[in-house]
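Remarks on the structure that follows.
Please treat every number below as a calculation from the coordinates, not as lab data. Since the model is a prediction, treat every value here as computed from it, not as a measurement. Using ideal geometry, Cβ is built from the backbone for each residue, glycine included, and neighbour counts are taken over all protein chains shown.
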Amino acid sequence: MLNILIADDHAVVRKGLKQILLEEYPSANVGEVADAETLVAQVMNNGWDIVICDMNMPGRSGLDALSQLKQVAPNVPVLIMSMYPEDQYALRVLKAGAAGYLGKETIHDDIIKAVQTVLLGKKFITPTVAERLANAYRDDSGQQPHELLSDREFDVFKLLAAGKSVSEIAGQLSLSSTTVSTYRARIIEKMNLRSNAALTRYAIEKGII
């Protein structure tokens with residue numbers, strides 16, 4: 001039996017994906033969780049063949065959860081899905097160990113092909129992502145400022161750009177305010193920007209938020 005776990009904080013998304021998956025795999029066991037903490041616990045305590053995880057959930061982000069999942073279950077393929085453009089996020093999640101990236105705008109068309117691909121032990125990569133991967137390996141000097149950030153810095157950057165305060169970010173990511181402030185300082189330095197407003201402008205211009 002194929003065991004697939006869907007992690008998304010929106011019930012309607014989980015139900016929709018579950019229906020599509022069961023139409024293709026009628027005998028599959030498709031589980032659902034609504035947050036990263038439950039996701040990690042499920043993967044640690046149960047045998048799942050594939051995880052489909054939203055990038056933005058309450059508490060820890062999908063990237064953060066992915067990092068822990070690769071530690072506790074390195075052989076379980078994880079497909080990351082997001083509403084954000086693949087040209088901004090796919091490369092980062094693949095480098096972090098994801099088996100593929102699914103944009104929510106096209107996920108209903110891509111989900112079955114993605115599952116079939118990772119079941120064969122391969123990564124699900126669209127032509128757009130393949131081109132970016134090729135360019136990245138050819139010339140690292142062409143990286144944009146936000147691509148210089150670590151995964152955790154990138155999480156903090158997105159939240160700062162979205163207008164969250166240091167204390168709000170600390171609560172959401174289960175970090176201390178001091179730690180978040182340190183991340184903010186690193187982000188400002190790496191991206192050569194001077195304020196949260198500048199971070200927001202940059203994020204909007206690049207289609208990150």
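Annotation: for a label point projected 7 angstrom from Cα along Cα→Cβ of N75, residues of the range 1-31 with backbone N closer than 19 Å are 1-5.
In the chain, the longest principal axis of the Cα atoms and the axis of helix 107-119 are about 70 degrees apart.
To the nearest ten degrees, helix 36-45 and the longest principal axis of the Cα atoms of the chain are 40 degrees apart. In this rough spin-label picture, where each label sits 7 Å from Cα along the Cβ direction, the K206-S165 distance is 2.6 nm.
Computed from Cα positions, the angle between helix 177-191 and the longest principal axis of the chain comes to roughly 80 degrees. Assuming charge only on the beta carbon of Lys and Arg (+1) and of Asp and Glu (-1), the dipole of the range 1-140 about its Cα centre is about 300 debye to the nearest 20. Measuring against 23 Å, Cα to Cα, the residue pairs K70/K164; K70/K123; K95/K123; K70/K122 contain K70/K164 as the ones spanning a longer distance. Per-residue ellipticity at 222 nm from helix content only, as computed over the chain with -39500 (n - 2.57) for each DSSP H run of at least four residues, stands at -16500 deg cm²/dmol. Ordering L39, A99, V13 by Cα displacement along the dipole of the range 3-138 toward the positive end leaves A99 in first place; charges were set at the Cβ atoms of Lys, Arg (+1) and Asp, Glu (-1). Multiplying the residue separation of N192 and Q143 by 0.36 nm and subtracting their alpha-carbon distance yields 16.3 nm.
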